[in-house]
Amino acid sequence: FTRRQMMALMGTAATAAMLPAAAGAADDGLKFWAPGIARVGAKDWSDMEKEGGFKLAPIAKSARADESIQKMVVGDGNALYDAMTDNGGGMEDALASQGAIVELDVSKIPNWSIIEDRYLDGGAAADTIRYDGKIVAIPYLSNADALAFNYDVIGSEPDSWEVLFDSQFKGRAALQNDFGPTLTNTAIYLKQSGKQDIDNPSDMSEDEVKGVCQFLIDKKKAGQFRTFWDGFQNGVDLLASEEVLVSSCWEPVQIVAGRKSGKDIRYGTMKEGHQAWNNIVMLTRGGRERGMDEVFYKLVNLYLSPWFGART
């Protein structure tokens, strides 16, 4: 999410200010903008509602990070949603800086007492739920991105992100169409291979980001990538159809693609390392204005519970 994009959004913020607010209706449940991975138990949200003692009005979410930010900052997101998940690291900063989400009171979340130390002040993941030192999000899922490859065709197990950029896979490689994981994983590779000076791939300077983008642009112009995939199903289909042989991926992609195609799709363990990430839940400004704090705190308390963690 670039400075130029933010300035463009701020320039049209007056439009959002004129949008009518949705009528508050707590009886309808918490209007929760979230993907299917935020749900456990039954195929609907009934098990979570029963366990947590709350009512939800879920809205399916699959937009990219930049689209979600636009929806919340200059669009009608705050009129539509009481709470939302993110689409990758950094959204809490972008949204909180524009007043689209609000600060949270963790004293109202009993299970905060058992959260992993990494999220406490000074912890390795503390900044992923804070803006300007204030807690604005609660984590509900964590993992690490991987590289998926077709072992049937390749016949070996790659151990470096370099295969995504190797000319032998020209036109048969794919990356995710999202700046968060794609820029970070590429930066990890460029840093560890010595191809670019990068201090911290998870917190790059503007010049470092430009360098990573230029590397990807040059590869794209050379025809290295078959496509930039959007969404879980798109990633699965590309691997299952053998349109691509190597792809950045979410962890479930390999299993689903392998089962669907009958091909031996595997994960690589990259010697340069992997991007660890979490998904978070945030209370929108509109949610607070409609008095949905209590329901929100019940939801995130469930996310921090052993009941949810075990099922995830």
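The values are calculated or read from the model by the stated rules, or taken from the named source; none is laboratory data. Worth saying up front: this structure is predicted, and the values here are computed from it rather than measured. In this analysis, Cβ positions are derived from the backbone assuming ideal geometry, glycine residues included, and neighbour counts consider all displayed protein chains. Accessible surface is based on the protein model in full, side chains and every heavy atom, while ligands, DNA and RNA are left aside. Shrake-Rupley method; radii C 1.70, N 1.55, O 1.52, S 1.80 Å.
General remarks:
- Spin-label pair Gln233-Asn200: with each label point 7 Å from Cα along the Cα-Cβ axis, the two points sit 3.9 nm from one another.
- Magnitude of the charge dipole, the chain, Cβ model with Lys/Arg +1 and Asp/Glu -1, debye to 20: 640 debye
- Overall form of the chain per C-alpha gyration tensor (a/c, 1.5; a/b vs b/c): prolate
- Accessible surface of the chain, 1.4 Å probe, proportion on carbon and sulfur as whole %: 49 percent
- Per residue, the chain exposes 48 Å² of solvent-accessible protein surface, assessed with a 1.4 angstrom probe and all protein chains in place.
- Highest-first packing order for the peptide set 216-223, 144-151 is 144-151, 216-223, based on the mean count of other beta carbon atoms within 10 Å.
- Across the chain, Cα pairs under 8 Å and at least six residues apart give a relative contact order of 28 percent.
- The peptide list 229-239, 57-67, 111-121, put in order of mean Cβ contacts within 10 Å with the highest first, becomes 229-239, 57-67, 111-121.
- Sequence-distant residues sharing a close amide H with Val102 (under 5 Å, placed H): Leu283, Arg285
- The Cβ shell under 12 Å around Tyr303 holds other residues with a net charge of +2, Lys and Arg each +1, Asp and Glu each -1.
- Global geometry of region 157-291, whether rounded, prolate or oblate, following the gyration tensor of its Cα atoms and the 1.5 cut on a/c: oblate
- Partner lysines for Lys108 [C-alpha distance under 21 Å; skip if fewer than 8 residues away on the same chain]: Lys31, Lys50, Lys55, Lys134, Lys298
- Positive minus negative residues near Ala126 (Lys, Arg vs Asp, Glu; Cβ under 12 Å): -2
- Within the shell of other residues whose beta carbon sits under 15 angstrom from the beta carbon of Asp166, the net charge comes to +2, with Lys and Arg scored +1 and Asp and Glu -1.
- Prolate/oblate/rounded call for region 106-147, Cα gyration tensor, a/c under 1.5 rounded: prolate
- Unit charges on C-beta of K, R, D, E only; dipole of region 84-177, Debye: 220 debye
- Remark on Leu30: its backbone amide H falls under 5 Å from those of Lys55, Leu56, Ala57, a criterion applied only to residues 5 or more positions apart or on other chains, H modelled at 1.01 Å from N.
- C-alpha center-to-center spacing [region 31-84, region 162-211] in angstrom: 30 Å
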